[in-house]
1. Taking beta carbons within 10 Å but only from partner chains, what does the mean come to for residues A:87-100?
2. How big is the Kirkwood radius of the stretch A:129-225, worked out from every pair of different alpha carbons and given in Å to one decimal?
3. Could you please report the charge total around A:Met195, scoring K, R as +1 and D, E as -1 over all other residues with beta-carbon less than 10 angstrom from its beta-carbon?
4. Exactly which trypsin sites (Lys or Arg not before Pro) in the stretch A:92-131 are in a DSSP loop and have at most 12 other Cβ atoms within 10 Å?
5. Under a Cβ-only charge scheme (Lys and Arg +1, Asp and Glu -1), can you give me the dipole magnitude of the stretch A:59-185 about the Cα centre, in debye to the nearest 20?
6. Over the Cα atoms of chain A, what Rg and Dmax result, in angstrom?
7. For A:Glu224, list long-range residues whose amide hydrogen, built 1.01 Å from N in the peptide plane, is under 5 Å from its own amide hydrogen.
8. How are the Cα pair distances of the stretch A:111-161 distributed, in percent, across 5 Å bins from 0?
Amino acid sequence: MSQPANQPMILIENVSKYFGSFRALDRVNLRVEAGEVLMIIGPSGSGKSTLLRCINHLEVPDAGRIVVDGITVSNNEAHINAVRAEVGMVFQRFELFPHLTVLENICLAQQKVRRRSRQESEQIAWQLLEKVGIPEQAHKHPGQLSGGQQQRVAIARSLAMQPKIMLFDEPTSALDPEMIKEVLDVMLALAAEGMTMVVVSHEMGFARNAANRVVFMDQGRIIEQGPPEAIFGDPQHERTKLFLSRILH
Amino acid sequence: MAIEHDQIMASRPGVTWRTGLAQFPWWFLIITSIITIMALRIIFDPIYRDIFTTILQGLGVTLYVTVVSFSLSLLLGLVLGLGRVAKNPLLRNLAITYIEFIRGVPMLVLIFTISFAVVPLVARTFGLPNNAVSLTTRAIIALVLIYGAYIAEIFRAGIESIGRGQMEAARSLGMSRVQAMRYVVLPQAIRNVLPALGNDLIAMLKDSSLVSVLGVREMTQVARLSVSTSFRYEETYFILTLFYLTLTLILSLLLQVLQRRMRAKG
Ligand SMILES: Nc1ncnc2c1ncn2[C@@H]1O[C@H](COP(=O)(O)OP(=O)(O)OP(=O)(O)O)[C@@H](O)[C@H]1O
Ligand SMILES: [Mg+2]
C-alpha cells in the first residue's frame, strides 16, 4: 500500500474501551512510526493488554479510531482481516497449537490464510526456525519444548505471515529467568531489522537496548511517554515515579 | 516422599502383597466368571442353547441400530454443539431450545412421540402415506434426535474446555472464525471429549433396547417375542442380560485400549 511519508504505521485516536461500566481505556492517543520500537509499561490492570488487543481488533473499542498502515480498523470483517494480516501478535502464554507439530504451527495460517503451498510454507517455516535458533525442534509438539523455545516458535509463527507490525504482550513474563534472554535476543534482532514493534513488558534491558520510546499507562490513560533514558532516568509524574520505584526495587 | 514410601514397602513385603490384592480388578474377574458360567450352560444345556441362538438373531439389528444411530448422532451433535457456542444469537437460541426440549423429556416418551407423532406428521406434510417410513428407520431417527442433543452438550463442553487464547491466536494470524474453529479449536476439543463420546456409545448400545417398544426386532424384542410363546422367563432374560453385559464389557475394553494408544501417541 503506498502511503504519504508522514503517515504513521499505527494511529490511535481518542480510543476508549469499557468492560461493563469499567473504563479500561480512557481517550488514548498514540502514534507509532514505521520501524519504531515502542514499549508500554504500567501497573497491572492499567489497560496495556487492552490497548494492544484493540490494535488487531481482538477487543473492539467503544469510541475513537485506530488506523493501521492506512487501514481503518472497523467492524468490517474484510478490514479486520486485512489488518490482522499485517499485524503479528505474541502472547504471554505462547498459545501455540498443541495438537500440531512446531512446523505445522508455523505453516497452518500460511496455508489457510496466505494460500501458500505446503512446500513454500514449509520452506519459510524452516528459514524462520533457523532464525529463532531451533530448527532441530521442528517435528516436536509444543508440549515437548521449554517455555523459551515455545515462545520463539510463537514468534516464528507470527513472522511467517510477514507482518509489518509485531505486538508483544508480556512475552517473557511466563518464562523461567534463564530462558528470558533467548527470547529477548530474538526480539532484539527483529528490532535491529527495522520491524515496527509494540511491546508490553517490564524488561529494562530490552527497553534500554531496543526501545525508541516508552509509554507509561495507568488507569486506562497514557500518563507520560518519552525516550527510555527520560522515562527511567527522569520521570515527570508522581505515578510514574511510584511505579518505577516498585519495579526497579 | 516417593522414596520414603518405597522404602517402607520394601521393608514390609506383606504390605505390597496386600495392596496388590486390594488393587487387583476383582470386579472384572467376577463378571467374566459369571459370563463364563453362563457360556458353559449355553454350550451344554440345549434349552439355553436354543434361547441363545434365538436372541443371537437380534444381535445384528442391535449393532446396526447402534452404529448407524451413533454415527448420525455425532453429526447432529456436532452441528448442535457448534450452534450452541455460535456468536449468532438466533442460531444459539435455536440450538439451546432444541437441546433443552429433548433433555427435558424421558427417552421412552420421546421414542413414542417421534416415531408415532413427529415422523407421521412430517411424512404427511410431504404427502407420503403414514407407513412410508419403516419402524427401524423411525427407531434410528428417534435415537439420533435424542442422542444428538446429549452429544451436543459434550461437544459444547469440549469446545469450551479450549482456552480463549487459542481462538485469539488463530484469529490474530488472520484466520476466520470458521477456520480457527475447524483447524485449531475443534481438533483439540474432539480429542478431549473422546472418553465422554465412548461412554455415550455404550449408553446408546444399551438404550437401543428401548426401540423394542416399536417392534424393531433387535435383541430385546426378539427375547420378548420368544418369551411370549415359550414362557421361559428366567432363561431368556438371564441370557439377554448376558448379551448386553458382554457387549458393553467388550466395548469399554476396546475404548480403553484405544484411549491408551492415543495417550501414548501424545
Ligand atoms: N474481557 C474483559 N472483561 C472484563 N474486564 C476486563 C476484560 N479484559 C480486561 N478487563 C479489565 O480491564 C482492565 C485492564 O486490563 P488489561 O488486561 O488491559 O490490563 P493490563 O495493563 O494488561 O494488566 P496486566 O499487567 O495485569 O496484564 C483490568 O482491570 C481488567 O480486569
Ligand atoms: Mg496484560
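1. Working: counts 3, 3, 5, 2, 4, 1, 3, 2, 10, 2, 9, 7, 10, 4.
For this peptide, the per-residue mean of nearby foreign Cβ atoms is 5.
2. Numbers: mean 1/r = 0.0694 Å⁻¹.
Every distinct Cα pair counted, the radius reaches 14.4 Å.
3. Numbers: positive: A:Lys164; negative: A:Glu36, A:Glu193.
Net charge around A:Met195: -1.
4. Numbers: sites: A:Arg93, A:Lys112, A:Arg114, A:Arg115, A:Arg116, A:Arg118, A:Lys131; in loops: A:Arg93, A:Arg114, A:Arg115, A:Arg116.
Those that pass, being in a loop and sparsely packed, are A:Arg115.
5. Working: 14 positive and 17 negative charges, 95 e Å.
Dipole about the Cα centre, nearest 20: 460 debye.
6. For chain A, the Cα-based Rg and Dmax read 18.0, 55 Å.
7. So A:Glu224 has HN proximity to A:Phe216.
8. 5, 21, 32, 23, 15, 5, 0
Rule-based calculations on the coordinates, nothing more; no lab input. Note that the structure is predicted; figures quoted are calculated from it, not measured. Reconstructed Cβ throughout: ideal geometry from the backbone, glycine too, with neighbour counts over all protein chains shown.
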